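Note sheet for the following structure.
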Amino acid sequence: MKMKFIAAAVLAGLAAPVVHAAPEVYGAIHLSVDGLNNGNSTDSKVTTLSSNSSYIGIRGSDDLGDGMKGIYGGEFQIGFDTSAASGNPWINRNVFAGLSGGFGTFRAGNYDDVVKQIGRKVDMFWSEQLGESRSLTRGGNGKNIGDERLANSLNYESPSFSGVTLTLNIGLENTTTENTPTVTNKSKQTAVGAQFSQGPIYAGYAHKKVILAPITLSATQGDSSTIDRVSAQYTMGNIVVGALYQKVKDEGGLAGANRNTMGIGGGFTIGQGMIKAQYYKANDNGKTTTSAGAGGAKLTAIGYDYNMSKSTAVYVVYANVKNDNATTAANGGVYSVIGAGHANPQDATYGATTGGMDPKGWSVGMKVKF
């Protein structure tokens, strides 16, 4: 009889399903009312409701034993101010599957590279509010290699060694389209970086190279571009200050088109709120041709955040961009007061400018995380 009970227990154990941890559902709804002025003489103003990188995500892991886990995650942007975001109600953000353990974390998919990560760390305007640093760090008229996710990518992050983590991102061959001129390329990208975070101090460095190989023989795009970025932040009591410097070489693949961008920002906490400001400057890249995006610009932003709870915040922001006289639509160097994370494309034209004019705007918003 005893043996029968043992046999029944073994069979029951074999028949029992494997139990996996349920995935976590999370996300954020970020809406704002924006008053934008693109600096044009006609049709220059708009007041609009914007959905700013609002998204829903899932993430989870599976214990594989010996300290190793299978991990996965997916974030999908949703337009809460219209029936669709960019004509599509679901836009991929970070999506990946991978492994983690004592060796570090490996992810394959579409994921933020380390250059973008260290820029977001010191942006006082959330990388989603009006006046975010990406208004300038991305470059004029889409010359962006510094603030993006890598498609078709392999991504590794080391364990922390005394506060230091190392990152490697490899973007396998992928078809991309440059904004100015419109040229389709096969892009290969590699980024490496190191970050230090301990107590009140954060510092990061990243280097990235983009190789652009024109698919058509008639394309005039150059073959490579690089970016080096350094960022740092220090918190002392109620005060936080941060800075960023980056150098882009051969911007947009154009030999000799080198641009330096730098910025500083800070905030002062009062109770549940913070008064904050930041200033960024992008220098002329030394070229004047149509494909160069030669002109520079200056960004100034000031705002106030108030945390109503751990998951809900409201804010008010004012920001403006001063484009250099050489920064015109004709040479591709137009800078906008709207960065990559703020607003949907239908609103972006009012945050942009033409012919060296200066866009500006105010924003009152709320962000709810869940």
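Distance between the pseudo-spin-label points of Thr349 and Met68 (7 Å out from Cα toward the beta carbon): 5.4 nm. Separation of the alpha carbons by more than 29 angstrom is noted, of Lys45/Lys369; Lys121/Lys298; Lys249/Lys276; Lys45/Lys209; Lys188/Lys369; Lys208/Lys281, for Lys45/Lys369; Lys249/Lys276; Lys45/Lys209; Lys188/Lys369. Arranged from fewest to most other beta-carbon atoms within 10 Å of their beta carbon, Arg107, Arg59 become Arg59, Arg107.
Assuming 0.36 nm per residue, please report the length gained on full extension of the stretch Ser309 to Thr47 beyond their Cα-Cα distance. Walk me through the intermediate numbers first.
On the way: separation 262, 0.36 × 262 = 94.32 nm, distance 2.79 nm.
Going from the current span to full extension adds 91.5 nm.
Counting other beta carbons within 10 Å of each Cβ, put His342, His30, His207 in order, fewest first.
Values: His342 33, His30 22, His207 15.
Ordered by Cβ neighbours within 10 Å, fewest first: His207, His30, His342.
Of the peptides 192-203, 225-236, 249-260, the ranking by mean beta-carbon count within 10 Å, highest at the top, reads 249-260, 225-236, 192-203. Between Leu154 and Asn92, how high is the FRET efficiency from 1/(1 + (r/R0)^6) when r is the Cβ-Cβ distance and R₀ = 22 Å? Nearest 0.05. So the FRET efficiency works out to roughly 0.85.
Give me the aspartates and glutamates in straight-line cross-link reach of Lys116: C-alpha distance below 18 Å, same-chain residues under 8 apart excluded. Partners within reach: Glu75, Glu128, Glu132, Asp147, Glu148, Glu157, Asp228, Glu251.
No lab work stands behind these numbers, since they all come straight from the coordinates. As the structure is a prediction and not an experimental result, all values here were calculated from the model. Positions of Cβ are generated from backbone atoms using ideal geometry, with glycine treated the same way; all protein chains shown enter the neighbour counts.
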